[in-house]
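Peer 1: Quick one: the structure is below, and I'll ask about it shortly.
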Amino acid sequence: LLVASGVALVAQGPVQAVAGVLLVLAGPLLAPRAVRLHGVWTRWLLAPTYRARLTNAMAQLTRVHTDAIDTQAAELRRIERDLHDGAQARLVAIGMTLGAAEELVDSDPAAAKALIAKVREASAASLVELRQLVRGIHPPVLAERGLGDAVRALALDSPLKVSVNVDLPARPEAPVESAVYFVVSELLTNASRHGGGR
């Protein structure tokens, strides 16, 4: 544009010719700065206002808050489901078996002893299941020794051959550690159950 203006001025007269030559010479030097200045001006005009930035930040915080509430509700539902499907059902079965053993104590002591032995095994299995459920909420190894050792413990418990390489410059925040731990736990469980992994 500057070069075209300079050529037009050269064609009009001597003063305009000098001005045109100067514009032709200055054009390549001024053009990049003019484009840059135009970009700064446009960015300033189109940039969101302070109020718009604040509104966007509030909307993002609201989304994060909603996601956290949804995640917490899903975790509570998982715990309730695990309690209902596992430990609660096993404890009800223990109570019923004890009732049957109580009825058999006088008439068939051997059968009552066998039922009591079953109750002992079921109570031990319930205790293991409850401990696993509590560990699923927040595993002690994660709280005590950190993410690296907690993932190594998962690898040791896995039926798959798993190698763990950990390179953490610092200990992550507790929610991050917990999320990573449960993601790794779920991946190992799915790989062993459904993946046909060796």
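The values are calculated or read from the model by the stated rules, or taken from the named source; none is laboratory data. Computed from a prediction, not measured in an experiment: that's the story for all the values here. Cβ sites come from the backbone with ideal geometry, for glycine too, and all protein chains shown count toward neighbours. These area figures cover heavy atoms from the full protein model, side chains too; ligands, DNA and RNA do not enter into them. Shrake-Rupley method; radii C 1.70, N 1.55, O 1.52, S 1.80 Å.
Peer 1: Kindly state, to the nearest 0.05, the FRET efficiency for Thr66 paired with Val164, given R0 = 30 Å and r defined as their beta-carbon distance. Show your work: numbers first, answer last.
Peer 2: Values: r = 34 Å, r/R0 = 1.14.
Computed FRET efficiency for Thr66 and Val164 comes out at 0.30.
Peer 1: Restricting to Cα pairs below 8 Å that are 6+ residues apart, what does the relative contact order work out to for the chain? Please round to a whole percent. Could the numbers behind the result be given before it?
Peer 2: Values: 106 pairs, mean separation 21.2, N = 198.
Answer for the chain is 11 percent.
Peer 1: What is the range 56-182 by shape, rounded, prolate or oblate, if you read a ≥ b ≥ c off the alpha carbon gyration tensor as root eigenvalues and call it rounded for a/c under 1.5, prolate for a/b larger than b/c, and oblate otherwise?
Peer 2: Details: a/c = 4.70, a/b = 1.97, b/c = 2.38.
In terms of gyration-tensor shape, oblate.
Peer 1: Considering only protein heavy atoms and a 1.4 Å probe, what is the carbon-and-sulfur percentage of the accessible area of the range 93-198? Show your work: numbers first, answer last.
Peer 2: Details: 4280 of 7430 Å².
Looking at the range 93-198 in its full context, I get 58 percent from C and S.
Peer 1: Calculate, for Arg53 and Asn190, the FRET efficiency according to 1/(1 + (r/R0)^6) with r their C-beta to C-beta distance and R0 45 Å; round to the nearest 0.05.
Peer 2: Working: r = 41 Å, r/R0 = 0.91.
It comes to 0.65.
Peer 1: Per residue, how much accessible surface does the chain expose to a 1.4 Å probe? Answer in Å², no decimals.
Peer 2: Working: 15040 Å² over 198 residues.
Heavy-atom SASA per residue in the chain reads 76 Å².
Peer 1: Here's another thing I want to ask about it. Take the chain, connect every pair of alpha-carbon atoms lying under 10 Å apart with a spring to form a Gaussian network, then pick out the residue of Leu46, Leu104, Leu29 with the largest mean-square fluctuation.
Peer 2: Largest GNM mean-square fluctuation: Leu29.
Peer 1: Right, here's the next one. Which value in nm describes the separation of the simple spin-label points at Arg77 and Leu91, placed 7 Å from the Cα toward the beta carbon?
Peer 2: Spacing of the two 7 Å Cα→Cβ label points: 2.3 nm.
Peer 1: Give me a comma-separated list of calculated 3J(HN,Hα) values for the range 169-186, in order, Karplus coefficients 6.51, -1.76, 1.60 applied at θ = phi - 60°, integers in Hz, x for any Gly or Pro.
Peer 2: x, 8, 6, x, 5, 4, x, 5, 4, 4, 4, 5, 4, 6, 5, 5, 4, 5
Peer 1: Could you check the spin-label model distance between Val21 and Leu133? Points 7 Å from the Cα along Cα→Cβ, value in nm.
Peer 2: The two pseudo-label positions are separated by 9.4 nm.
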